[in-house]
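The values are calculated or read from the model by the stated rules, or taken from the named source; none is laboratory data. Keep in mind that what you see is a predicted model, and the values were worked out from it rather than measured. We place every Cβ from the backbone using ideal geometry, glycine too, and count neighbours over all the protein chains shown.
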Amino acid sequence: MLWLYLHFPHLLLDHIRRTREEAGALVIVEGSGQKVIQACPDARDQGIQAGMRLKTAISLVPELGMVRADQQQEARILEDQARWLYRYADHIVLVPPDGLMAEIASLQRLYGGLPAVWQTVEQALDERQLTAWPGIGHTPPAARLIARTGKGECTEDSGHILRTLSQMPLLAAEFDARTCTRLQRLGLNTLGEVFDLPAAELARRLSPETLAWVQKIQGARPDPQSPWQPPHHFRQQADFVQEIEQSQGLLFPLQRILSELEEDLCWRQQETDSLLLILHHRHEEPTRLRIRTSGPEHRAEAFLNLIRLRFEQHPLRAPVISLLLSVQRFLGREAPTGQDLLGETQDLNEAWHTLMSRLQARLGDHALKQLSPQADHRPERAWSASAVQRNNRPEVTPASHLPRRPLWLLQGPQPLTEAPSAWFAGPERISGGWWDGQRVHRDYYIAQLNNGQLAWVFRDVRDGWFVHGWFG
Amino acid sequence: MSELLKTLMQDARVWQGHRHVQTSQPAEPTGYQVLDNQLGGLGWPRGALSECLLDSPGIGELHLLLPLMQRLSHSGKTVFWLNPPHTPYAPALAREGVNLDQVVMIHTDDDGDFLWTLENCLRSPVTGLVMAWPGKLASREVRRLQLAAEAGSNVCVLFRERRYVEQNSPAALRLELEPGEQQALKLNIVKRRGSWPGQRCALAMSHRADLSFREAPRVVQGPWPTSTR
């Protein structure tokens, strides 16, 4: 087994920096807000260092951007990293708060050697503008220790790895503070000297845990790692240093997230038709926007256009401090076909989906309807409206078995205010609905009103006369 | 003839009626031979606006467009009903052989949305026919729609009230609809691009309620008092 460990020295900083358009010094402060724990290169150039007090940092750089470290957020960001790493390696272990581990011995044949694996990962890190210190070891702790020193090398030579470990100072070997002091009092300074101690004595004089840790580093004791499984949904969050007041400002981070979604969907060979965009505000309830497309879609550009349209329609209620995009619903991607049986080209199909999605994004989901007849005798129930859907059903033959009906149906029966000038057909008795309480008992006639309108009128049991439709 | 008149006559900016040449604009046959003849053998103009001006529904105005709806919906083009005043009755449309999969009904809340929707529908290649019932339209807005219609190549019919006949409009075809004798539909061509207006015709529309030219109505028995109803 060979493990690759990625140590992210300032993951939160990287995460925030890449959703930022404007440049400027940025630091991460610890939870209590007293100390700087991570500083971006800009800030470092101006003299700010990790570990510095926040007051000192602000006096050095008055316009300093600050973000408070948040454990939950860090865990989430780490998982985002695991998600892309999963494309390259299958056995991944999360090591919170800032480490990822992947088993790479099995990948060597796939990529064509260890250097190729190393290069692939470095390239991926580069694309995402992430700073990570890689390290390779034969055991998970060994890989971790090497990575955290920042001196990881692309080698699978166990002798070399062991030498690197042996030269490591005790302070870097992650013993607990008490053990570390005791070992130092014994006159030991490097990990190699600890390796040389007899195991039984080590356990007896120090503690069995210390021995276990040393053996795990060396690989003499099993150290099983349970692999991480990627969730079946997509979730990405962008956090902002400064509140964003204009929806235009949201489009930039969204573009990046959407292109990651596109990449993700391409990898999964899937598409989606609904996105959930949640905008968090400082003092108000989050805004939830559901972006729907009328058909399966994976292109970032199409989603962005819909979101832009939505923003034009609904301006922001309050400044936004972070946005979250999640996708829960995935659909299998259909193979693009040149032409289907009806001779309809893919192009036209796509144009149809684009148009419907645009209309739905601006007008709302309920503005668009498709009609279909229903099997019921009552005229108001003999039709139904449903959400638009692309159907390529074989053409239906004219349903000439249906009775003659007017093309216009009124929303509800309107009282007949005048005596019709002529009567043409009737009565047609429609009686039904006893089974669901919506009783209808009417005699329908076709009549012409004085102004020439041809109407479908009825008389119901209460002897009232109503117009129910127009023969348009 | 004076010198001034002669130069004016030679100027291409002056349109001369007797030298009128047949313009060939893309069009869809209406499905009514009588009307097609009146429209110069063409029909509904494509890539341009048409207007139907009528007082009240139920005089056969939908049947005027039904042949076009049938044809377009079966050739895979979408038919949009934008803000119809009543519900298009699905069983009746199905009976007439309109492919309901291609019929989309849209309701918009305000005028801004209406114009935006109409423009988007007109520009799309999937659209075959748009039937729209606008509320009030300023002539500037009709002009905007005309430009949008020119961008696509589909038929767009606006249904407006008859009082707008007097108002001028950039639409390529304007029809005034009135009920006629025996449930017929009387048409008056108010405007036709590239030709003279003023043709009139009547289309028999009694089939829309299965009424043939029978003198005696098929009412079995009037349940109403003979004197009043």
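State all residues of the stretch B:65-109 that are under 17 Å from the mean Cα position of the chain (by Cα), more than 17 Å from residue B:158 (Cβ to Cβ) and without any contact (Cβ under 8 Å) to a residue 40 or more places away in the chain; if no residue qualifies, say none.
B:66, B:67, B:70
Can you tell me how many residues in the stretch A:455-466 are more than 9 Å from every other protein chain (Cβ to nearest Cβ) and outside any loop (DSSP other than H, G, I, E, B)?
The qualifying residues number 4.
Matching residues to (1) modelled with pLDDT under 85; (2) in the same structural domain as residue A:319 (by TED's automatic domain parsing); (3) of a type in the set (A, V, I, L, M):
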position	(1), (2), (3)
A:198	no, no, no
A:202	yes, no, yes
A:209	no, no, no
A:214	no, no, yes
A:223	yes, no, no
A:226	no, no, no
A:231	yes, no, no
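Going by what's in this entry, would residue B:123 be described as touching a residue at least 60 places away in the same chain (Cβ under 8 Å) and either in contact with a Phe, Trp or Tyr (Cβ under 7 Å, 6 or more places away or on another chain) or not hydrophobic (A, V, I, L, M, F, W, C) (or both)?
It is false that residue B:123 is touching a residue at least 60 places away in the same chain (Cβ under 8 Å) and either in contact with a Phe, Trp or Tyr (Cβ under 7 Å, 6 or more places away or on another chain) or not hydrophobic (A, V, I, L, M, F, W, C) (or both).
Where the second residue is in a strand (DSSP E or B) and aliphatic (A, V, I, L, M) and the first is more than 13 Å from chain B (Cβ to nearest Cβ) and under 16 Å from residue A:379 (Cβ atoms) and lies in the stretch A:409-437, which pairs have Cβ atoms under 9 Å and are six or more apart or on separate chains?
Correct list of pairs: A:431/A:440; A:432/A:440; A:433/A:440.
Taking the stated definitions as given, is residue B:187 touching a residue at least 12 places away in the same chain (Cβ under 8 Å), aliphatic (A, V, I, L, M) and part of a strand (DSSP E or B)?
yes
Kindly evaluate residue B:34 against the criterion of being more than 8 Å from chain A (Cβ to nearest Cβ) and either crowded, with 20+ Cβ neighbours inside 10 Å or farther than 22 Å from residue A:356 by Cα (or both).
Judged against the criteria, residue B:34 is a match.
Could you check the stretch B:69-78 and list, in sequence order, the residues that are part of a helix (DSSP H, G or I) and surrounded by fewer than 22 Cβ atoms within 10 Å (Cβ to Cβ)?
B:70, B:71, B:74
State the number of residues belonging to the stretch B:108-157 that are within 14 Å of chain A (Cβ to nearest Cβ), within 23 Å of residue A:361 (Cα to Cα) and outside any strand (DSSP E or B).
The number of residues fulfilling the criteria is 23.
Hey, among A:272, A:293, A:287, which residue is of a type in the set (Ser, Thr, Tyr) and without any contact (Cβ under 8 Å) to a residue 40 or more places away in the chain?
A:287
Being among the aromatic types (Phe, Trp, Tyr) and either within 15 Å of residue A:10 (Cβ to Cβ) or touching a Pro at 6+ places or on another chain (Cβ under 7 Å) (or both), is that true of even one residue in the stretch A:75-85?
No - not one qualifying residue is present in the stretch A:75-85.
Tell me whether the stretch A:244-260 contains one or more residues that are buried (at least 17 other Cβ atoms within 10 Å of the Cβ) and either free of Cβ contacts under 8 Å to residues at least 40 places away in the same chain or within 30 Å of residue A:2 (Cβ to Cβ) (or both).
Yes, the stretch A:244-260 contains at least one residue that is buried (at least 17 other Cβ atoms within 10 Å of the Cβ) and either free of Cβ contacts under 8 Å to residues at least 40 places away in the same chain or within 30 Å of residue A:2 (Cβ to Cβ) (or both).
For residues in the stretch A:375-389 being part of a loop (DSSP other than H, G, I, E, B) and within 8 Å of another protein chain (Cβ to nearest Cβ), which is farthest from residue A:469 (Cα to Cα)?
Once the filter is applied, the top-ranked residue is A:388.
Here's a check for you: in the stretch A:69-89, which residue that is hydrophobic (A, V, I, L, M, F, W, C) and touching a strand residue (DSSP E or B) at 6+ places or on another chain (Cβ under 7 Å) is farthest from residue A:261 (Cα to Cα)?
Step by step, filter the stretch A:69-89, then rank; the result is A:69.
When you go through (1) within 9 Å of another protein chain (Cβ to nearest Cβ); (2) not in a loop (DSSP other than H, G, I, E, B) one by one for residue B:85, which number turns out not to apply?
It fails just one condition, (2).
Kindly indicate which of B:157, B:130, B:142 is within 20 Å of residue B:71 (Cα to Cα), in contact with a Leu (Cβ under 9 Å, 6 or more places away or on another chain) and surrounded by fewer than 23 Cβ atoms within 10 Å (Cβ to Cβ).
B:157
If you take the residues in the stretch B:162-177 that are surrounded by 14 or more Cβ atoms within 10 Å (Cβ to Cβ) and charged (D, E, K, R), which one is nearest to the other protein chains (Cβ to nearest Cβ)?
B:162
What tally of residues in the stretch A:455-470 results from selecting those that are touching a His at 6+ places or on another chain (Cβ under 9 Å) and modelled with pLDDT under 90?
The total comes to 2.
Restricting to the stretch A:164-173, name every residue that is in a loop (DSSP other than H, G, I, E, B) and either surrounded by 15 or more Cβ atoms within 10 Å (Cβ to Cβ) or small (Gly, Ala, Ser) (or both).
A:168
Restricting to the stretch B:178-192, name every residue that is more than 9 Å from chain A (Cβ to nearest Cβ) and in contact with a strand residue (DSSP E or B) (Cβ under 7 Å, 6 or more places away or on another chain).
B:184, B:185, B:186, B:187, B:188, B:189, B:190, B:191, B:192
Considering (1) touching a helix residue (DSSP H, G or I) at 6+ places or on another chain (Cβ under 9 Å); (2) surrounded by fewer than 17 Cβ atoms within 10 Å (Cβ to Cβ); (3) in contact (Cβ under 8 Å) with a residue 40 or more places away in the chain, say which one residue A:68 fails and leave the rest.
Residue A:68 satisfies all of (1) touching a helix residue (DSSP H, G or I) at 6+ places or on another chain (Cβ under 9 Å); (2) surrounded by fewer than 17 Cβ atoms within 10 Å (Cβ to Cβ); (3) in contact (Cβ under 8 Å) with a residue 40 or more places away in the chain except (1).
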